[in-house]
Amino acid sequence: MSLPSAKLQDVFSEPACEKNQSKDAKTRQQGCSKPLTPGAAAGGCAFDGAKIALQPITDVAHLIHAPLACEGNGWDNRGATSSGSALWRTSFTTDLTELDVVMGQGERKLFNAIREIKQAYAPSAIFVYSTCVTALIGEDIDAVCNHAAAKFGLPVVPINAPGFVGSKNLGNKLAGEALLDHVIGTAEPDDAGPCDINIIGEFNLSGEFWLVKPLLDRLGIRVRACIPGDARYLDIACAHRARAAMMVCSTALINVARKMEERWDIPFFEGSFYGITASSQALRNIADLLVRKGADPGLVGRTEALIAEEESIAWKKLAAYRPRLEGKRVLLNTGGVKSWSLVDALMEVGIEIVGTSVKKSTVEDKERIEQTLKEENQIFESIPPRELYAMLSQGKADIMLSGGRTQFVALKAKTPWLDINQERHHRYAGYDGMIELIHQIDLAIHNPIWRQVREPAPWDSHSAVEHELTSTISVSATGHAGEKFTSATANAVGLG
């Protein structure tokens, strides 16, 4: 079954998207983002975005209905972490061949693959992803999923996000639509409480949400579902019974938060756990929303006490880094929530921001940055590699924080670099995460390797000396007095 145009238009016209609502009515009807040219995957296709948004659901088998190439290198390609099942790290594919396409065997092969996964792995659910090839030849994955679910007594969820329908960000939202249509609200918890919340758009990269969850536990706040980071299928199915929600990455799953508020009266706010101030404000907002929904009013006081205690500890630890980092210049080449939350976080310890890209950032994200940085020339929609290299090689920044794609630009410019995107190996969320981030920046900037690589190479130095000596010899050989070049002359210039 092809993706209904009404569904695409609904995602494009997202009312909670600040960028979309800033347009006039005519422009808004054209959609939030321009679909990619079929075959192009610059920045990731819709299938890629859907897989990214759902793969961290840990006890689900993710089955790609496609030729092998669509998922041939997809094992464990995200930095998300699980506290339970590792099933999500294994990618499954139907591996369609030309013969399967010509003979019309795709749907039969998909059904058999679902049966094999059920028998071999017993997952809590199976998510089936449509791709360019299977969508173009008209594979009805909805029908196959419905039949398999009835046959095997297992939730089998179709994810209709073939790559050619649009960008990676559109795929994120289509994944959210699949959760709303087939998962959220399909089960009822037997332990719903007044302090249950959802965290939406949090991927638990490197396990960083585990630095935040203990703080919520101390306040008696239960995370009903973290979507998708370290989530279980049943958690998401029961997510409609939460009392409040926090939206972490609005560019990815804002439609989920908005529709859950409409359907189940779950209020939400957009916040960040990057930085001391942002973490404290997020905890305050969570407590305020829960109290408004009927939780014990004493929760607000307990939250303030916890914030005061954690901030005191964090600032004492960060004080040791201030003399070493104050005035250091950082270039941020990231996007989304990190484009503004990290700006605030770094400036709190005296680090200077020389520029930040706002690619994939919402209008609200950009407004936050403008209020903080004050200077428009420090804000970039995107920075081409050539300009990025020029900035770094000219010494305009002491370190660059970005994703892996641009690390080689920094290395070529002999500039310290720190990974802050999904491939990172350190946790930067919450109070302890902020301390770790500053620690890693300190290690990177003061690593002695950078002083060494900036010095001329020994062979370059030797060539320079040799060139100078050759010039001296030439002058001596044809000196003003017309003297001959002799061994004595050679000894005089150090060559004898």
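Read-outs throughout are calculated quantities, based only on the coordinates presented, and are distinct from any laboratory measurement. Remember, it's a predicted structure, so these values are computed and weren't measured experimentally. Note that each Cβ is placed from the backbone with ideal geometry, even for glycine, and that neighbours are counted across all protein chains shown.
Mind giving me the FRET efficiency for ASP142 and LYS316? R0 is 45 Å, r the Cβ-Cβ distance, nearest 0.05 is fine.
Values: r = 57 Å, r/R0 = 1.26.
After rounding, the FRET efficiency stands at 0.20.
I need the shape label for the range 132-238. Rule: rounded when a/c is under 1.5, else prolate if a/b > b/c, else oblate, with a, b, c from the alpha carbon gyration tensor.
Values: a/c = 3.15, a/b = 1.65, b/c = 1.91.
Note, shape of the range 132-238 comes out oblate.
Grab the other residues whose beta carbon is less than 10 angstrom from that of GLY275, score K and R as +1, D and E as -1, and report the net.
Result for the local shell: -2.
So what are the ³J(HN,Hα) numbers for the range 311-318, from phi and the Karplus equation (6.51, -1.76, 1.60; θ = phi - 60°), rounded to whole Hz, Gly and Pro as x?
5, 4, 5, 5, 5, 5, 5, 6
Grab the other residues whose beta carbon is less than 13 angstrom from that of VAL291, score K and R as +1, D and E as -1, and report the net. Mind showing how you got there, number by number?
Details: positive: ARG243, ARG284, ARG292, LYS293, ARG302; negative: ASP288, ASP296, GLU304.
That sum, taken over residues with Cβ under 13 Å, equals +2.
Within a Cβ distance under 14 Å of ALA410, other residues only, what is the Lys/Arg minus Asp/Glu net charge?
On the way: positive: ARG329, ARG386, LYS396, ARG405, LYS412, LYS414, ARG454; negative: GLU387, ASP398, ASP419.
Around ALA410, the surrounding residues sum to +4.
Of the listed peptides 426-436, 210-220, 131-141, what is their order by residue-averaged count of other C-beta atoms within 10 Å, with the highest listed first? Write out the running numbers ahead of the final one.
Details: 426-436: 23.0, 210-220: 17.3, 131-141: 20.4.
Answer by packing, highest mean first, reads 426-436, 131-141, 210-220.
Could you work out Rg/(2.2 N^0.38 Å) for the range 43-142, with Rg from alpha carbons only?
Values: Rg = 13.4 Å, N = 100, 2.2 N^0.38 = 12.7 Å.
Compactness ratio reported: 1.06.
Once you have a ≥ b ≥ c as the square roots of the Cα gyration tensor eigenvalues for the range 238-356, tell me rounded if a/c is under 1.5, and otherwise prolate or oblate according to whether a/b is larger than b/c. Walk me through the intermediate numbers first.
Values: a/c = 4.43, a/b = 1.51, b/c = 2.94.
It comes out oblate by the Cα gyration axes.
Taking the beta-carbon count within 10 Å as an exposure proxy, list LEU283, LEU154, LEU411 from fewest neighbours to most.
Details: LEU283 24, LEU154 18, LEU411 14.
Ordered from fewest to most neighbouring Cβ atoms within 10 Å, LEU283, LEU154, LEU411 come out as LEU411, LEU154, LEU283.
Output the peptides 300-309, 445-454 sorted from most to least packed, where packing is the average of other Cβ atoms within 10 Å over each peptide's residues.
On the way: 300-309: 14.9, 445-454: 11.6.
Going by the mean number of other Cβ atoms within 10 Å, highest first, we get 300-309, 445-454.
Once amide H atoms are placed 1.01 Å from N in the peptide plane, what residues at a sequence separation of 5 or more from SER167, or on another chain, have their amide H within under 5 Å of its amide H?
Excluding prolines and chain starts, which carry no amide H, the hits are LEU36.
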